[in-house]
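Structure first, commentary second.
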Amino acid sequence: MVRKKGSLILCSAFLFVAWNALLLLYLWGPPIGRLGQGGGAEPGGKEEWGMGKGGGVNLAGEVIRLAEEVEVQLDTQKKLLKQIESHRAMWARRKDVGKREMEDRKEVKEEVVHQPQKLQPIKDNVDDTDQTRVKQTQRPVNTEALDTNLDHPQVNVPKEEIGENKLQTSPATPEVVIPILVIACDRVTVKRSLDRLIQYRPSAQLHPIIVSQDCGHAETARVIGSYGDQVMHIRQPDLSDIRVRPEHRKFQGYYKISRHYHWALQQVFNTLSHSTVVIVEDDLEVAPDFFEYFRALYPILHADPTLWCVSAWNDNGRDALVDPSKAELLYRTDFFPGLGWMLLKEMWAELEPKWPSAFWDDWMRQPEQRKERSCIRPEISRTITFGRKGVSLGQFFDQYLRYIKLNTEFVPFTKQDLSYLLQEKYDERLIKEVYSAPLVKMEELQQGGTLKGPGPFRVQYSSRDTFKVFARNLGVMDDLKSGVPRTGYRGVVNFLYRGRRVFLAPPEGWTKYDVSWS
């Protein structure tokens, strides 16, 4: 066993060196290309990775092949380690049993040697009542164990019964006021955002629109003011620069955004005394069922302590990666998406005292804030961003964000039973669905000829590097924040690839994220 393990480790070391050499070349290569231009890993592109021109060296193909070999090797090592652990546990149990037997024999011997003669009559005098008492003290223990086993089938209660127990988590109480907070600065194009919000708003009383403006930009203020009493216009009073260390001067905008968010949320929760809020920015356009979506999910967010937000955004929501016929699909995600998201007052009370001075969204993604809680996100986004201009200087916009698909079909979420999103039921179904899906290689997915049906299919990753290689080649976002992939839930990234449902997933038995992967 030890010799076999040593040879596997040597083989792994060789693969590791070769793998990293190719990986560096690959990761320093071009990012995901733009839609319609055939670049990067864009599904359907004319020059996808793995389809080089002129029969030249196919670097990406070699990287994928090597990544898959590494996955196989890691899987073999994990199985070997599990065997060692199981043997170790078995040896420990045997040792423990042997030790207990020795102690029992020793106690019996000591009892025989040292037991006073007068104890014998006491043993004989144990009456039926005492024996019955002993038996009765044992009987409830066995009965309890049997009852526990009999309770297990309750997990498989018919869906109709579960729905009856959870109906209060689906339709939102009509009286709940869910305001929309629009974070604005100096974009006069806030008009596009406000026009859609007002157009799709079912009730001004149940969904007041609060526009919080920073920056003091006069023209933007005039645009907001033109809506009159259709919106509430509030202005962040502190327009001063923020003192930052020299190397962060270029990030002054991020510090001001964080300050603005803090002030605006204080106004909503502390001054205006709302119990919840949906936050959007001035460069977001909303879908026709935007309000319906949040109103239906408010009870779920309120009922499930393992949730901490509801988002309208799918980070992997490009047209080729989502199912346009499944606009009603909703998921849990461990990645905080932002870009149109609902927050409860109770959660703000937790976050407000430690709100960061900058980079608030990445701060939200840290384990200290997330605390293993999740968000809800849709298959098809209920917001899109049209704002290339901003403090991020268009980061990701041209190559990715502008291609996110906005839902156009109204889904009556408030009439649906959404209790399947509650953690216990959701996790059970997810694990079963993901790990019963056929495990396939990247080459099989890319060629597609040997695969039958729409899926789902599973591609497995065991390390940060293999995740990034597979994600790039499948066209999904490959960055991780605090070890969590975008849209990931329990490490699983769910999307369409050339019309087939794919789970990019860690090995079965996943327990937690590795923050060192970031």
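Annotations for the structure displayed:
- Heavy-atom accessible surface of region 171-285, averaged per residue, reaches 48 Å², computed with a 1.4 Å probe.
- Relative contact order [Cα under 8 Å, 6+ residues apart], region 410-518, whole percent: 24
- Exceedance of the 24 Å cut-off in Cα-Cα distance is limited, within the set 326/441; 481/512; 345/371; 191/481; 415/452, to 326/441; 191/481; 415/452.
- Distance between region 204-219 and region 408-474 - C-alpha centres, whole angstrom: 39
- Heavy-atom accessible area order for 217, 302, largest first, 1.4 Å probe: 302, 217
- Size of electric dipole in region 263-387: Cβ of Lys, Arg +1 and of Asp, Glu -1, about Cα centre, debye, nearest 20: 320
- Around residue 207: net Lys/Arg minus Asp/Glu count, Cβ-Cβ under 12 Å: +1
- Positive end of the dipole of region 365-518 (Cβ unit charges, origin at the Cα centre): among 453, 431, 366, the Cα lying farthest that way belongs to 366.
- Share of carbon and sulfur in the accessible area of region 250-365 stands at 53%, probe radius 1.4 Å.
- Counted charge near residue 270, where neighbours are those whose Cβ lies closer than 10 Å (Asp, Glu -1; Lys, Arg +1): 0
The values are calculated or read from the model by the stated rules, or taken from the named source; none is laboratory data. These figures come from a predicted structure and were not determined experimentally. Cβ sites come from the backbone with ideal geometry, for glycine too, and all protein chains shown count toward neighbours. In case anyone asks, the SASA skips ligands and DNA or RNA and just uses the protein heavy atoms, side chains included. Shrake-Rupley method; radii C 1.70, N 1.55, O 1.52, S 1.80 Å.
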